[in-house]
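Undergrad: The structure's right below; bear with me while I get my questions together.
The values are calculated or read from the model by the stated rules, or taken from the named source; none is laboratory data. This one's a predicted model, so the numbers in the text were calculated from it and none came from an experiment. Cβ placement follows ideal geometry from the backbone for every residue including glycine, while neighbour counts extend to all protein chains displayed.
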Amino acid sequence: MANDTVVWLEEVGKEDIAIVGGKGASLGEMIHAELPVPRGFAVTAQAFRRFIDENDVGERLFKSLEVDVDNADILREAEKEAKKIIMDAKIPADIEKSIRSKYRELCKREGSEVFVAVRSSATAEDLPDASFAGQQDTFLNIKGETNIIEAVKKCWASLYGARAIYYRVKQGFDHQKVNLCAVVQLMVDAEKAGVMFSSHPSTGEPFTIIEGAWGLGESVVSGSVSPDYYVVDKRNKKITDRKIAIKNIMHIKDPETGKTVELPVPDGKKNAKVLDDDEILKLVEFGDLVEELYGIPQDVEWAIKNKEFFMLQSRPITTIKKKTETKEKIGTSSILDGLGASPGIAYGEAKLVADGSELGKVKDGDILVAVMTTPDMVPAMKRAGAIVTDEGGMTCHAAIVSRELGCPAVVGTRKATSILTDGMKITVDGEKGLVFEGKKEVEGAKATTPEKSMSLSKAKPVTATEVKVNVSIPEATARAVETQADGVGLLRIEHMILGLPKHPKQYIKEGKADEYVNELVSRIQVVVDAFYPKSVWVRTLDAPTDEFRAMEGGEGEPIEPNPMLGFRGIRRDLLDTEHFALEVRAFKEIIKRGYNNMGIMIPLVQHPSELKRAKEFMRSNGLDIDKIEVGIMVEIPAAALIIDQFIAEGLDFVSFGTNDLTQYTLAVDRNNQHVAHLYNELHPAIMKLIEHVIIECNKAGVKTSICGQAGSNPKVAKRLVELGITSISANIDAVENVRDMVARTELQLLLKGARERKG
Ligand code: PEP
Ligand code: MG
């Protein structure tokens, strides 16, 4: 068998990692264990090696990779050159013949020409089980012999993608010794699909957690739809939790083109449960079998078609926290301190990241260390066990995103990048804002939440004051929904835009405004859909020029001495109406798609004329603002002081943006770690402004809310409930505590009232 260049998956097993890589070997093992894995074949690592040797391109290929990988431009050039060498070479005739005949055989077995996925499974000659997960590409929905040959070559070429080259150099792998097996596997046209953790992903306890949605699993994996959520106690096979989500969209394969398309879920299925009890328990059984096979808890991708179950992939869960892990006491004093921006403790290897080209360095559980995080770092932030930055305050990009991801973070340490070095083992306490060398038991800090997307929840108290949640990146939606918040009090669209590959102006310049609007709509829709029918206040653009300038095509952003006092918020939209019009188009499309739970919130207003002009603009661009809630953020003291004039202009709600209200009231730049000690959201001047606004709004019947960081502080929440605020919108990690405090405060007020009436 070892001499064969193309082998059936059922012919391989764990001893064949050197031939078919980790993924191929694991699929083979699962087939032997009679788990329902889609069948297929593997074009082996040896086939790849012969392809290189017989085309005599090795020397040229490996020479082209000898570059300075820290230079992003040079690295991209190397990628181009190496991929061209692969794509121009010809697969040896006998190998091509075997691929074609195996595919024909697969089609014969299935009774028709089939769609397949071509997945990469890399292996190193001297270290066969080294993990190269996620470094190479997968090609879905491929049909026809010639297309498969092409996809195998593309899969091989992906071994020379910039990310993969970078990763190997930094990990000390010799390019010449890494080979790539291409796994060609039947596609499953799933009717329903999702992911399953065979044990609790955080604690390792015997609970199976399953998420599922209609159609292909990619909507669950990518987070574009909020899936149903089921928890099963494995000890007695009892389903202990079941949350049925509203599933408005699904992804399916277009039978003609083979392309994945997004469709609305038929009305009858939107609120219907995806899995019945038998299916849930059957999946649990499969989860147990896979866990038993590998001896450790697994993260499995599953699919169901015509009542048939499929296990598409399985990998070990790496986020389980061993009980003993933080027990070992070492040095008692921290080596760095900063602001505890996102709670939790993590221990791992420091990885210093200078810019986007270095993200491959950060593997699951590593500690990402940077001067400051930027939006293109979000994929690495998702993998990171914790984040430590030199710069920033509690409301900087790193702080906001890490809180949403549930990833512990310490920001504003000033010197993390000079004190920490690559590979150094450190413990991060995101609660207290401390970093220790080595493994450290941290007393009094909350346990970390490494599962990032799932948690077992307790019953929530009902509160008269609504407790909502803030969302900035669509990936955080599932976690936000899990908080059972009463809606979204702030959806920051600039974070969604910062996650796009290029600046909005670049889309406009390339004549792709429609594409841009679609991107915006799909991201907003994820949140509006997940929370439906609860309200979601979408904020119009509040783009700081410094962050937008870093995007492709963002060179035109003005250079400002102080971006915080500059071209952002509604003042920007009122000057750059070309962009404002695109936002309005996106809002209209959301309404057209049937969502009536969206409100519009206008940031950084300082005079009622801005509110007036914004409303007029939206109206004249066809948005029926009488049918939706429109409000302003109170972030500038001027707006608080003349709130009566805003009320007279007409608005449904106000929301305190205390991040800005604090910096503008106290003259403290919120992102400047040198003055962070003066940044105090509880300053009496700020509380006085807030009190004034709540009193005036309550008189006029205008709703009041808070979406700044201060709202996540239970002590502030208590005060605001006493003042009569209508809702509080907190960060994901703070919702539960804030809700408890709101409930308690409301009861205290009731009790006090009752006692006063009695006495
Ligand atoms: C605020 O200023 O409090 C706020 C919520 O807005 P941002 O942090 O996005 O400026
Ligand atoms: Mg603000």
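Undergrad: Considering only residues that are within 16 Å of ligand 2 (Cβ to nearest atom), of a type in the set (A, V, I, L, M) and under 20 Å from the mean Cα position of the chain (by Cα), which ones fall in the stretch 511-542?
TA: Listed by number, the list holds a single entry, 538.
Undergrad: Checking residue 526 against (1) within 16 Å of ligand 1 (Cβ to nearest atom); (2) part of a helix (DSSP H, G or I), which single condition isn't satisfied?
TA: (1)
Undergrad: Select from the stretch 583-629 the residues that are of a type in the set (A, V, I, L, M), in a loop (DSSP other than H, G, I, E, B) and within 16 Å of ligand 1 (Cβ to nearest atom) and write down the one among them that is nearest to the chain's Cα centre (by Cα).
TA: Filtering the stretch 583-629 for residues that are of a type in the set (A, V, I, L, M), in a loop (DSSP other than H, G, I, E, B) and within 16 Å of ligand 1 (Cβ to nearest atom), the one nearest to the chain's Cα centre (by Cα) comes out as 604.
Undergrad: Of all the residues that make up the stretch 36-92, how many are in contact with a strand residue (DSSP E or B) (Cβ under 6 Å, 6 or more places away or on another chain) and in a helix (DSSP H, G or I)?
TA: Of the residues in that region, 3 qualify.
Undergrad: Being β-branched (Val, Ile, Thr) and touching a Lys or Arg at 6+ places or on another chain (Cβ under 6 Å) is true for just one of 417, 427, 421. Which residue is that?
TA: Only one candidate qualifies: 427.
Undergrad: Also, quick follow-up: Anything in the stretch 536-565 that is in a loop (DSSP other than H, G, I, E, B) and within 13 Å of ligand 1 (Cβ to nearest atom)? List them, or say none.
TA: 540, 541, 542, 543, 544 - these are the residues of the stretch 536-565 that are in a loop (DSSP other than H, G, I, E, B) and within 13 Å of ligand 1 (Cβ to nearest atom).
Undergrad: Filter the stretch 241-260 down to the residues that are at pLDDT below 85 and farther than 18 Å from residue 595 by Cβ and list them by number.
TA: Residues satisfying the conditions are 241, 242, 243, 244, 253, 254, 255, 256, 257, 258, 259, 260.
Undergrad: Cβ-Cβ below 6 Å, separation at least six or inter-chain, first residue in the stretch 292-310 and under 15 Å from residue 38 (Cα atoms) and surrounded by 13 or more Cβ atoms within 10 Å (Cβ to Cβ), second hydroxyl-bearing (Ser, Thr, Tyr) and modelled with pLDDT under 95: which pairs?
TA: 300/314
Undergrad: Let me spell it out: the conditions are (1) within 11 Å of residue 658 (Cα to Cα); (2) in the same structural domain as residue 727 (by TED's automatic domain parsing), and residue 681 meets all of them except one. Which number is the exception?
TA: (2)
Conditions (1) among the β-branched types (Val, Ile, Thr); (2) within 27 Å of residue 412 (Cβ to Cβ); (3) more than 12 Å from ligand 1 (Cβ to nearest atom), marked per residue:
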position	(1), (2), (3)
647	yes, no, yes
671	no, yes, no
700	no, no, yes
714	no, yes, yes
720	no, yes, yes
726	yes, no, yes
744	no, no, yes
748	no, no, yes
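Undergrad: Next question. Considering only residues that are touching a residue at least 40 places away in the same chain (Cβ under 8 Å) and more than 38 Å from the chain's Cα centre (by Cα), which ones fall in the stretch 693-704?
TA: Within the stretch 693-704, 696, 700 qualify.
Undergrad: May I ask you to list the residues in the stretch 566-582 that are of a type outside the set (A, V, I, L, M), part of a helix (DSSP H, G or I) and in contact with a helix residue (DSSP H, G or I) (Cβ under 6 Å, 6 or more places away or on another chain)?
TA: 573, 579, 580
Undergrad: Then there is this: Please go through the stretch 366-377 and give me each residue that is at pLDDT below 90 and under 17 Å from the mean Cα position of the chain (by Cα), ordered by number.
TA: The answer is 373, 374, 375, 376, 377.
Undergrad: For residue 339, are the conditions met, namely being crowded, with 18+ Cβ neighbours inside 10 Å and modelled with pLDDT under 90?
TA: yes
Undergrad: Where the second residue is among the aromatic types (Phe, Trp, Tyr) and the first is over 13 Å from residue 366 (Cα atoms) and lies in the stretch 418-430, which pairs have Cβ atoms under 9 Å and are six or more apart or on separate chains?
TA: Going by the 9 Å Cβ cut-off, the qualifying pairs are 429/436.
Undergrad: Also: Which condition does residue 659 not pass, out of (1) away from ligand 1 (no atom under 14 Å from the Cβ); (2) not in a loop (DSSP other than H, G, I, E, B); (3) not aliphatic (A, V, I, L, M), if it passes all the others?
TA: All conditions pass for residue 659, except number (1).
Undergrad: For the stretch 25-50, enumerate the residues that are under 17 Å from residue 285 (Cβ atoms) and small (Gly, Ala, Ser).
TA: Scanning the stretch 25-50 gives a single hit, 33.
Undergrad: Now, a different point. Any residue at all in the stretch 446-457 that is surrounded by fewer than 24 Cβ atoms within 10 Å (Cβ to Cβ), among the hydrophobic types (A, V, I, L, M, F, W, C), modelled with pLDDT of 85 or more and farther than 23 Å from residue 486 by Cα?
TA: no
Undergrad: In the stretch 99-126, how many residues are polar (S, T, N, Q) and surrounded by fewer than 20 Cβ atoms within 10 Å (Cβ to Cβ)?
TA: Final tally of qualifying residues: 2.
Undergrad: Continuing with this model, one more query. So which residues in the stretch 673-688 are away from ligand 1 (no atom under 13 Å from the Cβ) and either in a helix (DSSP H, G or I) or surrounded by 22 or more Cβ atoms within 10 Å (Cβ to Cβ) (or both), if there are any at all?
TA: Result: 673, 674, 675, 676, 677, 678, 684, 685, 687, 688.
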